[in-house]
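Here, each number is a calculation from the coordinates, and none is a lab measurement. Predicted model, so just to flag it, every value in this text is computed and none were measured. All Cβ positions, glycine included, derive from the backbone under ideal geometry; neighbour counts span all protein chains shown.
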Amino acid sequence: HPAALPISSGVDRVPAPPEHAVHTRDGAHSVAAAVANDELRLRYQPIVRIKDRAVVAVEALVRWQHPTLGLLTPDRFFHAAHQSGHMPLLDQWVLQHACEDMIELRGSLKGAAPIRVNVNISVPTLTTDLTELVTTTLKRTGLPARRLRLELNEGADLDTLTRAGPHLETLTHSGIEVALDDMGAGATDLRYLSHLAPRDIKIDKLFVAGMLISPRDHAIVTLLTDLARRLRLRVAAEGVETAEQLAALARIGVSYAQGYHLAPPLTLTDLTSTLSKGHSS
Ligand code: C2E
Ligand code: MG
Ligand code: MG
Ligand code: MG
């Protein structure tokens with residue numbers, strides 16, 4: 001086994017490299033090269049209001065159309081992107097293209113389906129000038145602030161949260177929303193709730209997967225939903241794979257859901273035809 005590389009900043013938690021991770025010893029396979037060669041792709045997974053199945057938002061999910069390895073999901077290349085310091089570059093690329101795609105979608109649907117796009121923001125990007133990045137991207141693309149939501153989904157230390165807080169507050173005032181991703185698992189902990197002003201929490205798919213089998217997981221979903229209600233936050237569940245899970249979530253009081261049972265991550269073309277068939281509100 002190769003020795004673990006030291007984590008440079010100590011700020012972000014670098015995801016562990018899975019067995020099948022793309023190794024990037026030379027720049028040829030780096031995320032920077034993927035950007036330069038126009039090999040990144042976006043998929044959009046609908047987020048649905050449970051009570052009427054209306055699509056209220058989509059989450060942008062990045063893929064790498066690798067020249068020899070095929071279409072790669074983030075678990076194949078995020079480790080290398082963190083190690084090489086390319087996550088801000090990747091997040092910028094995603095933000096820019098997600099905003100452009102939403103403008104294109106709005107054009108195709110002739111103004112119907114006023115949905116938000118959720119863009120994941122990694123910890124290294126939280127220490128950059130987020131206000132500048134987001135406001136210039138919105139200006140450049142023409143997407144209104146009320147059509148964008150930022151998902152924070154990795155552990156940041158207190159220093160990073162303190163630095164990012166004012167940026168997120170400024171952005172929130174302009175109409176952008178912040179969602180806390182992977183609640184209850186991973187590294188999104190309760191400090192995010194006390195230091196930032198999120199509008200939504202997304203319950204991690206781990207608990208959704210277990211909730212019908214494990215009373216403990218069911219209790220955790222209930223707890224997070226109650227917590228969200230007390231804090232006046234909206235709550236969404238991720239990883240909904242069955243009708244039974246969806247029904248159980250509705251009983252608990254979860255309002256929004258995302259998962260293969262509702263829709264997989266879609267190309268912009270497939271999203272456009274799904275929304276034009278009247279699934280939107
Ligand atoms: P996430 O933000 O929690 O995104 C949800 C993940 O769950 C996605 O995996 C999605 O494809 C997957 N998923 C959706 N429905 C289901 C389901 O019903 N069951 C199961 N088991 N999984 C489902 P994906 O696309 O592989 O992304 C993995 C993670 O990589 C994301 O987790 C997010 O943390 C990160 N990520 C993805 N795209 C981006 C991006 O553009 N920028 C950044 N910074 N991170 C991203
Ligand atoms: Mg997410
Ligand atoms: Mg995640
Ligand atoms: Mg998640």
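Counting every other Cβ atom within 10 Å of each residue's Cβ, Glu177, Glu104 order from fewest to most as Glu104, Glu177.
The fraction of all Cα pairs in the range 80-226 landing in successive 5 Å bins from 0 to the largest distance is 2, 9, 18, 20, 18, 14, 10, 7, 2, 0, given as whole percents.
Packing, taken as the mean count of other beta carbons within 10 Å per residue, orders the peptides 64-75, 83-94 from highest to lowest as 83-94, 64-75. Cα centroid separation, the range 138-214 to the range 240-271: 19 Å.
Relative to its residue count, the chain spans a Cα convex hull of 138 Å³ per residue. Could you list log10 I(q)/I(0) for the range 145-233 at q = 0.12, 0.13, 0.16, 0.26 Å⁻¹, which the Debye formula gives when each Cα is one point scatterer? Calculated log10 I(q)/I(0) at the listed q: -0.38, -0.44, -0.65, -1.31. Ellipsoid semi-axes for the range 120-193, based on the Cα gyration tensor and the rule √(5λ), read 22, 13, 10 Å when sorted largest first. The Kirkwood hydrodynamic radius of the range 177-222, based on inverse pair distances between different Cα atoms, is 11.1 Å. Ignoring the sites themselves, the chain has its longest run without trypsin sites (Lys or Arg not before Pro) in a DSSP loop having at most 11 other Cβ atoms within 10 Å at 111-231. Note on the range 43-156: along the principal axes its Cα atoms extend 41, 32, 28 Å, ordered by decreasing extent. The fraction of all Cα pairs in the range 171-281 landing in successive 5 Å bins from 0 to the largest distance is 2, 11, 21, 21, 18, 14, 9, 3, 0, given as whole percents.
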